[in-house]
1. Report, by residue number, each residue of region 147-166 that is of a type outside the set (A, V, I, L, M) and in contact with a helix residue (DSSP H, G or I) (Cβ under 8 Å, 6 or more places away or on another chain).
2. Does any residue in region 206-228 that is within 30 Å of residue 119 (Cα to Cα) come within less than 8 Å, Cβ to Cβ, of a residue that is among the β-branched types (Val, Ile, Thr) six or more places away or on a different chain, and which pairs are these?
3. Is one or more of the residues making up region 103-111 closer than 18 Å to residue 208 by Cα and surrounded by 24 or more Cβ atoms within 10 Å (Cβ to Cβ)?
4. Give the residues of region 330-355 that are acidic (Asp, Glu), assigned to a helix (DSSP H, G or I) and more than 17 Å from residue 176 (Cβ to Cβ), sorted by residue number.
5. Conditions: (1) surrounded by fewer than 23 Cβ atoms within 10 Å (Cβ to Cβ); (2) in a loop (DSSP other than H, G, I, E, B); (3) modelled with pLDDT of 95 or more. Residue 243 meets all but one. Number of the miss?
6. Return the residues of region 517-551 that are of a type in the set (Phe, Trp, Tyr) and open to solvent by 60 Å² or more (accessible area, probe 1.4 Å); say none if nothing qualifies.
7. Go through (1) among the polar types (S, T, N, Q); (2) out of contact with any strand residue (DSSP E or B) (no Cβ under 8 Å at 6 or more places or on another chain); (3) within 24 Å of residue 430 (Cβ to Cβ) for residue 524 and report which single condition fails.
Amino acid sequence: MYRALRVNLSTLTVTEEPAKKEYLGLGGRGLVARVLRDEVDPTCDPLGPENKLVLCTSALAGLGLSSSSRLSVGCKSPLTGGIKEANSGGTVPFYLARHGIQLVIIEGAARGEGPWVVRVDARGRASLEEAPECREMNNYELVARLRSRYGPGIAVASIGAAGERCYRNAAVMVTEYGTDYPCRAAARGGVGAVMGAKGVKAVVVEKPETPYSAPVADPERLAAVRRELHRLMAEGAKDHELRQIGTVAAVLHHAEAGQVPVRNFSGKRLEGLEGISGERFREIASRRGKTGLPCQSGCILRCANLLYDQEGRLLTAGLEYETVALCGANCGITDLEAVARLDYLCDDLGIDTIETGATIALCMEAGRIPWGDAKAAAELIREMMAGTEFGRVLGQGAEAVGRYLGVERIPVAKHQAMAGYDPRGAPITAVAYATSPMGADHTTAPSFGVSGDVSPEEICNLSRNLQILFATWDNLFCALAAIFWGGHLDKLAALYAAAYGGPAEPDRLLDLGRNTIRWEKEFNRAAGWTEADDVLPEFFYREKSEVTGTAFNIPPEVMRGTLKGLVDKG
């Protein structure tokens, strides 16, 4: 049985408790939703002591399955005002699982002390330790300091100055397997601000002296199904562009479908897009980089990467499509190395590159800085680092900045900036932006557009099914693994049954996703959300995309019924 840690900053105590039986089989996004529904008042102040920050592993972490060492971080979001889960790979979830820990609940708030480090030592003993020398330190320097304090083999989840200042775009950064760089981001919704409001600077997990072996219902069956799933991934990933380049490979594919956001989601075409394409990435990486790296231990897919500058210094680690789309094309920046520098600054400060890219583009639209000016964009991030008056405004996210600057076109849904899928080219994902309890988050229903004459009702139905499917994956493993396993629900159900017992039925897995969304919707409804919040900005309905030739055309009243029934299910 896995155990849970409860960290109370008001009393400066850490207690250990067995995981609740009703949480058995849940992980990641589903476990976050269940804990918050059970323990947090949806009407609370997101940055107050009544909110809780939940860190947990996936339901399959510690079972030797590739891509299952995921860390979910959740809370009531200071950005959206609803429930929020953000997840990442990295070393922390692997080490937690090896200690037999699935869940860490951080509650209360420190009063004037700190900042504090939550430490799990090599024997699995948890404690709170004060680290005043780390105050307002950013992530790269912080990880180096923590490694000198606790040893080189630690796993770290941390916040930079952005989290301590409670910027609503603040992320929790996680050290990457093999590099120890704090470049894997649980990025969205301001989860880092909640960690900062608690007074916690970092969670440090030491490598376990005696690894925990999780009890499973049928070890032989689990090993056999795991081998088959690994074979499928190994064969599929061997020549896949994700291993060769990473998610940046998608830039030109998405551009052809009208999905890449350009100049504040203008729907325009962008000259020079090749400068931030997968091929440009491949060219740079072949001379000054590495690809095909795992972000977590044992990952067969290996889509992580490193880039270096001409002097051999780190440009960035873990560059992803979303960062290139939002900090690149959406800002009119077509220099991949410049985007990589922006990515590094964001990781160091600990802010969401999606929210930040959308924010910078709004500054460009308002005339604050020129379109395509990467140096000026970097200066805006440095203003956030310095904590200038405008820098603190920038840290509150795209919607706050758009309103501050008087910009009419603000591409947000449920107060959160849209990811790298323009609604006019990705209507299935756009419906999820509007209807998901996560807000404008592409991971709730990533899609590659639609072809032919598809009705609004059918698009909403497709979005609903995808939202359930990806909520399921977010309980179990990295969503990218679904590229190779998504068509094998029978095998995944067999693996899950071998781990937890019970029937090996695909619908049992899908119930993980259905229940996750239901709990989230219940929380948000109690927090004050209504169907009137399930909308997209009006300008997407009136402005046509130059690529698709269409505007977004799914009526709000049709979208609002997308997830109907999930909340009221038993």
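The values are calculated or read from the model by the stated rules, or taken from the named source; none is laboratory data. These numbers were taken from a predicted model, which means no experiment stands behind them. Note: ideal-geometry Cβ built from the backbone for every residue, glycine included; neighbour counts use all protein chains shown. For the accessible areas, the whole protein counts, side chains as well, though only heavy atoms, and no ligand, DNA or RNA atoms are used. Shrake-Rupley method; radii C 1.70, N 1.55, O 1.52, S 1.80 Å.
1. Taking region 147-166 as the starting set, the residues that turn out to be of a type outside the set (A, V, I, L, M) are 147-153, 158, 160, 163-166.
Scanning region 147-166 gives 158, 160, 163, 164, 165, 166.
2. Every condition considered, the pairs that remain are 206/120; 206/154; 207/154.
3. Yes: one or more hits.
4. At the first step, the residues of region 330-355 found to be acidic (Asp, Glu) are 335, 337, 343, 347-348, 352, 355.
Imposing the further condition that a residue be assigned to a helix (DSSP H, G or I) reduces the set to 337, 343, 347-348, 355.
337, 355, listed by residue number.
5. Of the numbered conditions (1) surrounded by fewer than 23 Cβ atoms within 10 Å (Cβ to Cβ); (2) in a loop (DSSP other than H, G, I, E, B); (3) modelled with pLDDT of 95 or more, the odd one out for residue 243 is (2).
6. Passing the criteria: only 541.
7. (2)
Quick grid of which residues meet (1) assigned to a loop (DSSP other than H, G, I, E, B); (2) open to solvent by 80 Å² or more (accessible area, probe 1.4 Å); (3) among the small types (Gly, Ala, Ser):
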residue: 221; (1), (2), (3): no, yes, no
residue: 224; (1), (2), (3): no, no, yes
residue: 233; (1), (2), (3): no, no, no
residue: 250; (1), (2), (3): no, no, yes
residue: 263; (1), (2), (3): yes, yes, no
residue: 266; (1), (2), (3): yes, no, yes
residue: 274; (1), (2), (3): no, yes, no
residue: 281; (1), (2), (3): no, no, no
